[in-house]
Amino acid sequence: MAEIQHITKDNFNEMVIDAKGLVLVDFFATWCGPCKMLSPILEEVAQEMGDKVVIAKLDIDECMELAQEYGIMSVPTMILFKEGAEVSRNIGFRGKPQIIEMINSKLN
C-alpha cells in the first residue's frame, strides 16, 4: 500500500535527487484550494500505481528555497523526477487520468 511521502528541505535530496525510479513531487500550499482538491486524487494514484512511482508532497511555505530553486510560480505544480532529474512538469490542477498518463509516459 503506497503512501504519500512528505518532503522537507532536510530529506529532499534523499527522497528525490538520490531516488531510483520515478518520484512525483506535488509542490503545494495549505491555503491553496486546487491543492486541497488534488490531495485525494494523488492518494488514489499512489494506491493504483503502487511501487512504480513515489508520490510526495512539498509545502512551498515550509520549503521556500526549494520552491525558488525549481521556479515554482503557482500551486499546485507537479514535477516528475526520474533518477533525480526533472522529466515532466504540470502546473495547475490535473485529474487522475492526466496524472497517470504523465507517470506512464516516463516509466520506460
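Distance in nm between label sites at SER88 and THR8, each 7 Å beyond Cα in the beta-carbon direction?
Inter-label distance under the simple model: 3.0 nm.
List the GluC sites (Glu not before Pro) within the chain that fall in a DSSP loop (any state other than H, G, I, E or B) and whose Cβ has at most 12 other Cβ atoms within 10 Å.
Those that pass, being in a loop and sparsely packed, are GLU3, GLU83.
Starting from the Cα of LYS20, draw a straight line to each of the lysines and keep only those under 26 Å, dropping any in the same chain fewer than 8 residues away.
LYS9, LYS52, LYS57, LYS82, LYS96, LYS106
Once amide H atoms are placed 1.01 Å from N in the peptide plane, what residues at a sequence separation of 5 or more from ARG89, or on another chain, have their amide H within under 5 Å of its amide H?
Residues meeting the amide H criterion: LEU80.
Mind checking region 11-108 for trypsin sites (Lys or Arg not before Pro) that DSSP puts in a loop (not H, G, I, E or B) and that have at most 13 other Cβ atoms within 10 Å?
Sites meeting the loop and neighbour criteria: LYS20.
Just how large is the dipole of region 9-65 about the Cα centre, in debye to the nearest 20, putting +1 at every Lys and Arg Cβ and -1 at every Asp and Glu Cβ?
In total the dipole reaches around 160 debye.
List the Cys residues of the chain that have no partner Cys with a C-beta closer than 4.7 Å.
Isolated Cys, the chain: CYS63.
Could you give the length gained by full extension between GLU69 and TRP31, i.e. 0.36 nm per residue of separation minus their alpha carbon distance, to one decimal place?
11.6 nm is the gain from fully extending GLU69 to TRP31.
Work through the residues other than GLU3 whose Cβ is under 12 Å from its Cβ and net out their charges, Lys, Arg +1 and Asp, Glu -1.
-1
Please report the antiparallel percentage of DSSP beta bridges with both residues in the chain, rounded to the nearest 5.
Of those bridges, close to 55 percent are antiparallel.
The numbers here are math on the coordinates, done by the rules we state, and not lab data. Since the structure is predicted, the reported quantities are computational estimates derived from the model, not experimental observations. Backbone-built Cβ (ideal geometry, glycine too); neighbour counts: all protein chains shown.
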